[in-house]
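Since the structure comes first, as structure tokens, the remarks are kept for the end.
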Amino acid sequence: MPESMDEIKKSLKKELDKSRYEHTLGVMYTAAALAMAHGGNIEQAMLAGLLHDCAKCIPNDEKFSMCKKNHIELTESEKENPALIHAKLGAFLAKEKYHVTDESILHAILVHTTGEPEMNLLDKIIYIADYIEPNRNKADNLPVVRPLSFQNLDAALFKILGDTLDYLKETGKKIDSLTEQTYEYYKSKKNEN
Ligand code: DGI
Ligand code: FE
Ligand code: FE
């Protein structure tokens, strides 16, 4: 049986540090609001939002050993940038530990960090909610991206991806090919209109 939202919250409160737990609740409610605005399924959005970072606070060495033990294959990019692993491992834990059976929720968790071309509505909602939730305050473009997210999901994605790439370049991080492909996809989508 899938765990109830209350049971999951209780468990995440222990698994995550305080600010990550608060971020998680922020993503959950922001995802609900985006689902309302765009005709998505509110319950799905909330559960995916609640669980999206469930693997975030596991130490890196443990992330690697959990992936090995459970035959979760990592890309070269994930091995080089362990910050990416929590998405794949999070989708695994959502299924195995929290007993989520809804594949679309698991998929939204899987792609929440890099995105991917042709995301579905729930994928987009979680990707965007992760960036705009109220506790986020670092990105300069938030005053533009927040209202845009309630008007045009693809335009918001393009803006977020562009700024994320700029940030990764500025900080000298290796860019995952999916992040790049996702940006190119939503750029070409924008040029179609
Ligand atoms: O887990 P959150 O902090 O809430 O947000 P997230 O899942 O979007 O993860 C953000 C982290 O992922 C941040 O440390 C930057 C990193 N990231 C996202 N795309 C890429 C990336 N890191 C690298 N090296 N390359 C990427 O393409
Ligand atoms: Fe994350
Ligand atoms: Fe997050």
**Request:** Mind jotting down the distance between the C-alpha centroids of region 77-96 and region 105-119, whole Å?
**Result:** 12
**Fill in**
A 1.4 Å probe over the protein heavy atoms gives region 5-138 a carbon and sulfur accessible-area percentage of 52
**Item:** Cα centroid separation, region 13-50 to region 133-187 (Å)
**Value:** 19
**Fill in**
For region 20-162 the mean separation of alpha carbon contacts under 8 Å (6+ apart) over residue count, i.e. relative contact order in percent, is 28
**Asked** Hey, what do the phi angles of region 127-143 turn into as Karplus ³J(HN,Hα) couplings, whole Hz, using 6.51/-1.76/1.60 and θ = phi - 60°, x for Gly and Pro?
**Response** 4, 6, 4, 4, 8, 9, 3, x, 6, 6, 8, 7, 5, 5, 7, 4, x
**Item:** Exposed-loop-free span, longest in the chain, where GluC sites (Glu not before Pro) count as exposed if DSSP calls them loop and at most 12 other C-beta atoms lie within 10 Å
**Value:** 119-193
**Asked** So what is the calculated 222 nm ellipticity per residue for the chain, using -39500 (n - 2.57) for each DSSP H run with n of 4 or more, over all residues, to the nearest 500 deg cm²/dmol?
**Response** -21000 deg cm²/dmol
**Asked** With the Cα gyration tensor of the chain giving a ≥ b ≥ c as the square roots of its eigenvalues, does the rule (a/c under 1.5 for rounded; else a/b larger than b/c for prolate; else oblate) give rounded, prolate or oblate?
**Response** oblate
**Asked** Going down the table (Lys18/Lys124; Lys69/Lys159; Lys88/Lys189; Lys18/Lys138), which pairs top 29 Å between alpha carbons?
**Response** Lys69/Lys159
**Message:** What does the C-alpha gyration tensor say about the overall shape of region 103-179? Classify as rounded when a/c is under 1.5, otherwise prolate if a/b is larger than b/c, or oblate.
**Reply:** oblate
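The values are calculated or read from the model by the stated rules, or taken from the named source; none is laboratory data. These figures come from a predicted structure and were not determined experimentally. No Cβ is skipped: glycine too gets one built from the backbone with ideal geometry, and neighbour counts run over all protein chains shown. Only protein heavy atoms, including side chains, enter the accessible area calculation; ligands, DNA and RNA are left aside. Shrake-Rupley method; radii C 1.70, N 1.55, O 1.52, S 1.80 Å.
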